[in-house]
Amino acid sequence: MSKTLLISGHPNLQASVANQAILALLADEPHIIVRKLDQLYPDYRIDIAAEQQALLAADTVIFQFPLYWSTYPAILKIWFDEVFTYNFAFGPAGDKLKNKKVILSITCGATAQSYHPGEFNFLPLSQYLQAAVHPIKAAQMTIVDEVITFEMNSTESEGGNADQVMQLVRTHTEQLLQAITKTNQ
Ligand SMILES: Cc1cc2nc3c(=O)[nH]c(=O)nc-3n(C[C@H](O)[C@H](O)[C@H](O)COP(=O)(O)O)c2cc1C
């Protein structure tokens, strides 16, 4: 059976609505191994060997994170900086992750419409994500699917609505599970 690893890049799941709820729904899926970076590394000191071992054991890796300034939160950036090392993820002998499959699972607070020229976020999200996916592509991993949901900010003072976010969470998680099933076929 294919092994699926989920790397949670939320910096504080205790304060999260969307990511915490997605992970809670996935907890019933015994074949998905979840690594919550905020809980494993509250001091941001990454155990590189443990992370590389987890990656080596996986066939499919899901990166689950809230969009922060149109990329992933700092804890996931540090994770990539430290774990995707020379001759592991890139370099002459750096093929250890080659051909592993990747699914991006991203929650966004903004509207889809805002990611257009002239709008608040002024570029398509796919353009912002190029730098974020650079290490994944450099490691010769294959991005097989993306599940991206907009308007998942539940902070009422910022115009959010927790009930609406929970509905979006259910749809997002269903889409993610479908993506995993398709990937593992
Ligand atoms: C520091 C910070 C930066 C953010 N930047 C963006 C952004 O650039 N685009 C966007 O759509 N949402 C942005 N958001 C909103 C978050 O993506 C949204 O609140 C989050 O996905 C909701 O998930 P959670 O409840 O698990 O935290 C930002 C939130 C924070 C805290």
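The values are calculated or read from the model by the stated rules, or taken from the named source; none is laboratory data. Here the structure is a predicted model, which means the values were calculated and not measured. Cβ atoms come from the backbone with ideal geometry, glycine included; neighbour counts cover every protein chain shown.
Taking GLU51 as the residue in question, decide whether it is in contact with a helix residue (DSSP H, G or I) (Cβ under 8 Å, 6 or more places away or on another chain) and at pLDDT below 95.
No; evaluated as a whole, the condition is false for this residue.
Can you find, within region 1-51, the residue that is nearest to the ligand (Cβ to nearest atom) among those that are part of a loop (DSSP other than H, G, I, E, B) and basic (Lys, Arg)?
Checking each candidate, the answer is ARG45.
In the set ILE148, ILE103, ILE136, which member is within 20 Å of HIS10 (Cα to Cα), within 13 Å of the ligand (Cβ to nearest atom) and surrounded by 12 or more Cβ atoms within 10 Å (Cβ to Cβ)?
Exactly one of ILE148, ILE103, ILE136 is within 20 Å of HIS10 (Cα to Cα), within 13 Å of the ligand (Cβ to nearest atom) and surrounded by 12 or more Cβ atoms within 10 Å (Cβ to Cβ), namely ILE148.
What number goes with the only condition from (1) more than 14 Å from the chain's Cα centre (by Cα); (2) surrounded by 19 or more Cβ atoms within 10 Å (Cβ to Cβ); (3) away from the ligand (no atom under 13 Å from the Cβ); (4) under 27 Å from VAL17 (Cα atoms) that SER126 does not pass?
So the condition that SER126 fails would be (2).
Need pairs with beta-carbon distance below 6 Å; first residue over 14 Å from SER70 (Cα atoms) and within region 97-119, second in a loop (DSSP other than H, G, I, E, B); sequence gap 6+ or separate chains.
That search, which allows pairs on different chains as well, returns LEU97/ALA89; LEU97/ALA139; LEU97/MET141; LYS98/GLN140; LYS100/MET141; VAL102/MET141.
Looking at PHE63, PHE80 in this structure, which one is touching a helix residue (DSSP H, G or I) at 6+ places or on another chain (Cβ under 9 Å), within 16 Å of the ligand (Cβ to nearest atom) and either assigned to a strand (DSSP E or B) or among the aromatic types (Phe, Trp, Tyr) (or both)?
PHE63
Do you know which of the residues in region 56-74 that are touching a strand residue (DSSP E or B) at 6+ places or on another chain (Cβ under 9 Å) and either free of Cβ contacts under 8 Å to residues at least 24 places away in the same chain or more than 20 Å from VAL147 (Cβ to Cβ) (or both) is surrounded by the fewest Cβ atoms within 10 Å (Cβ to Cβ)?
Out of the qualifying residues, it is ALA57.
Across region 141-178, what is the total count of residues that are over 16 Å from the mean Cα position of the chain (by Cα), at pLDDT 95 or above and aliphatic (A, V, I, L, M)?
Adding up the residues that qualify gives 3.
Looking at (1) away from the ligand (no atom under 12 Å from the Cβ); (2) within 17 Å of the chain's Cα centre (by Cα); (3) assigned to a loop (DSSP other than H, G, I, E, B), find the lone condition where LYS96 falls short.
(2)
How about region 106-153: which of its residues are in contact with a Phe, Trp or Tyr (Cβ under 7 Å, 6 or more places away or on another chain) and among the hydroxyl-bearing types (Ser, Thr, Tyr)?
Scanning region 106-153 gives THR111, SER114.
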